[in-house]
C-alpha cells in the first residue's frame with residue numbers, strides 16, 4: 001500500500017444522520033449484527049471493519065438517499081497533517097484541537113468545498 005505524504009492511514013469514522021437513534025441502533029446492532037463501537041465508555045456507533053459508523057441524531061442534514069456523510073480520516077499526527085496541507089494551499093477549516101477524549105481533531109476543505117475531518121491520538 002502506498003503511503004500518503006500527509007500521514008493518512010485509514011478512515012476512522014463515518015458519521016451518518018438518523019431521525020430515531022433507538023431505531024437506528026436496533027437496525028445496525030440487531031438487523032445487521034454489527035459490533036458496537038465505544039469511545040471511552042460511551043457507545044458511539046458500530047464497527048464496519050476498523051471503521052466506526054457513528055449515528056448522529058442531531059446531524060447537519062436529514063437522512064437522504066444521496067448521503068453526504070462526515071468522514072474522519074485517521075492520520076499519524078494531526079498537527080503535522082494540517083501543516084503539510086496548508087503548505088499546498090489547502091484550506092484548514094477547523095484548526096487542530098486536542099479534545100478530552102484524547103484526540104487531536106481538525107478539518108480541511110477539498111476543491112469543491114467538502115469538509116473532511118482528520119484525527120490522531122494526542123501524543124503525551
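Read-outs throughout are calculated quantities, based only on the coordinates presented, and are distinct from any laboratory measurement. For clarity, every value in this text was computed on a predicted model and none was experimentally measured. Virtual Cβ from ideal backbone geometry, glycine too; neighbours counted across all protein chains shown.
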Relative to the compact-globule scaling 2.2 N^0.38 Å, provide the ratio for the alpha-carbon radius of gyration of region 67-124. 1.09
Among (i) 35; (ii) 31; (iii) 40, the value of percent of Cα pairs over 22 Å apart computed for this structure carries the label (iii)
Can you give the angle from 0 to 90° between the axis of helix 78-87 and the longest principal axis of the chain, with both taken from C-alpha atoms, to the nearest 10? 50
The chain: calculated mean residue ellipticity at 222 nm from DSSP helix runs of at least 4, using -39500 (n - 2.57): -3500 deg cm²/dmol
Pop the C-beta distance of residue 90 and residue 50 into the FRET formula with R0 = 30 Å and round what comes out to the nearest 0.05. 0.75
Contact order relative to length of the chain, as percent, for alpha carbon pairs under 8 angstrom and 6 or more apart: 25
Between the modelled labels at residue 71 and residue 123 (7 Å from Cα along Cα→Cβ) the distance in nm is 2.6
Highest first, please rank the peptides 3-15, 38-50 by the mean number of other Cβ atoms sitting within 10 Å of their residues. 3-15, 38-50
